[in-house]
Amino acid sequence: MPELLAPLNVTVIGAGVIGLSTAHELASQGHRVRVISDQEPLHTVSAVSAAIWFPYHSENSPAADILLARTLERFEALSLIPETGVDLRFGMDVERRADADRSWTRHVADAAIVDPALLPDGALSATSGTVPVITMPTYLDWLQQQCQHLGVQFEQRTITDLDELGAHSDAVVVATGIRGGELLGDDHSVYPIRGQVIRLANTAGLTDWFSDDDHPQGVCYVIPRRDDIIVGGTDVAHDTNLEVDEQTAIDMLDRAISLVPQLADCEVLEHKVGLRPARETIRLEHVAGYGIPVIAAYGHGGGGVTLSWGTARRVVELLNS
Ligand SMILES: Cc1cc2nc3c(=O)[nH]c(=O)nc-3n(C[C@H](O)[C@H](O)[C@H](O)COP(=O)(O)OP(=O)(O)OC[C@H]3O[C@@H](n4cnc5c(N)ncnc54)[C@H](O)[C@@H]3O)c2cc1C
């Protein structure tokens, strides 16, 4: 990272995975950071995340590749520290289309083609590899604590106008997820992709992840974490319903059990819904029109965790540029 010239007072708006990672990187560079958010980390979309390092409904570009690679490298290092909640897990991504996107495998050291004998019915092929799986409640708590150790201050309130921050801030980072465009007022291109998941107790002792995005009955993924398993899912664009749909949950679980039969004996702990902050491209840039530097960092779709540390590093680079 470039060396810091002078410490700044930086306000980060947002305490999801993007805001916390960014606050951590800025504070590590010596900046005085405060995070303002109206949802605590465990109540954000980030806390709903599955959360596997895997690009999904997010920007696919050379610029995003850098964010992916940097984040993977960081999570691999964090997986050596048990209290982070980060583990490296093997698993497979089922392919049902000839043009399946395998770009993720470029980053993964042990990526391989799966033995056709192991494919579910109707699948054309599958790729496998070892990637980070993050137990989000543990991880978000750990990350917030790391921020606090670095001196980051936390405030809970809603920001409606960036001008109210000017007197106390030399720079502002807008890491507000789905509400990024609304707060800045110059961007109408963020839209929700609704995701519903089920959290099961991991009494089956599963470790391998499984994903089957193009399953004929709908997206299916099974992400075993430390002591629970996230079963998904749905990906409905422009749907803002935050209520759990019971029939959707029944269908999702049936689908997952048909592919991973060990799930049948696992107790349902919880149902969750979140709105992925989708955008054609991640907005990661200086925003003009303010008296102080304002940097936008939102629009990560279904890959916010996967792109988090790369995004945070890019924000530091933008601030120093
Ligand atoms: C079901 C589901 C499964 C997913 N699985 C994965 C996965 O496996 N891997 C992966 O990488 N990603 C996954 N995602 C996507 C990931 O969760 C998101 O991309 C990520 O959480 C976005 O993080 P964020 O910090 O930008 O936003 P959020 O987590 O939504 O945080 C936004 C923050 O901004 C604050 N805020 C917003 N506006 C204001 C305001 N005006 N004033 C004050 N505070 C404000 C909020 O209070 C909140 O603290 C999944 C998402 C869903 C829904």
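Listed values, structure above:
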| item | result |
| --- | --- |
| Label zone at residue 244 (point 7 Å along Cα-to-Cβ), backbone N below 16 Å, region 196-216 | 196-202 |
| Amide proton proximity set for residue 154, modelled H, under 5 Å, gap of 5+ | 35 |
| Region 68-74 - phi-based ³J(HN,Hα) in whole Hz, Karplus 6.51/-1.76/1.60, Gly and Pro as x | 4, 5, 5, 6, 4, 4, 5 |
| C-alpha long axis of helix 17-28 to longest principal axis of the chain, angle in ° | 50 |
| Long-range amide H partners of residue 169 with built H, under 5 Å | none |
| Between helix 246-259 and the chain: long-axis angle, C-alpha atoms, 0 to 90°, nearest 10 | 60 |
| Cα centroid of region 206-222 to Cα centroid of region 118-184, whole Å | 24 |
| Reference-scaled alpha-carbon Rg (2.2 N^0.38 Å with N residues) for the chain | 0.99 |
| Ranked packing of 62-71, 303-312, 179-188, 46-55, most packed first, by mean Cβ within 10 Å | 303-312, 46-55, 62-71, 179-188 |
| Estimated vicinal HN-Hα couplings, Hz - region 305-321 in sequence order (Karplus 6.51, -1.76, 1.60; Gly, Pro = x) | 5, 4, 10, 5, 5, x, 4, 4, 5, 5, 4, 4, 4, 5, 5, 7, 8 |
| Under the Karplus curve 6.51 cos²θ - 1.76 cosθ + 1.60, θ = phi - 60°, whole-Hz ³J(HN,Hα) for region 174-190, x wherever Gly or Pro sits | 9, 10, 9, x, 4, 9, x, x, 4, 5, 7, x, 10, 9, 10, 9, 8 |
| Point-charge dipole on Cβ atoms (K/R +1, D/E -1) for the chain, about Cα centre, debye to 20 | 640 |
| Gain in span if fully extended, residue 28 to residue 163, counting 0.36 nm per residue against the direct Cα distance | 46.0 nm |
| Residues with amide H under 5 Å from that of residue 95, placed H, sequence gap 5 or more | 124, 125, 126, 127 |
| Exposure rank, largest accessible area first [25, 40; 1.4 Å] | 40, 25 |
| Cα coordinate range in region 135-242, projected on the principal axes (Å, largest first) | 54, 37, 18 |
| Modelled FRET efficiency - R0 30 Å, residue 268 with residue 125, Cβ distances, 0.05 increments | 0.40 |
| Residue 88 versus residue 149: modelled label distance in nm, points set 7 Å from Cα along the beta carbon direction | 2.2 |
| Segment residue 76-residue 251, length gained on full extension (0.36 nm per residue, minus Cα span) | 59.6 nm |
| For the chain, calculated [θ]222 nm from helices alone, where every DSSP H run of n ≥ 4 adds -39500 (n - 2.57) | -7500 deg cm²/dmol |
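The values are calculated or read from the model by the stated rules, or taken from the named source; none is laboratory data. All values derive from a computational prediction rather than experimental measurement. Every residue, glycine among them, receives a Cβ derived from its backbone with ideal geometry; neighbour counts consider all protein chains shown. For accessibility, only protein heavy atoms count, side chains too; no ligands or nucleic acids. Shrake-Rupley method; radii C 1.70, N 1.55, O 1.52, S 1.80 Å.
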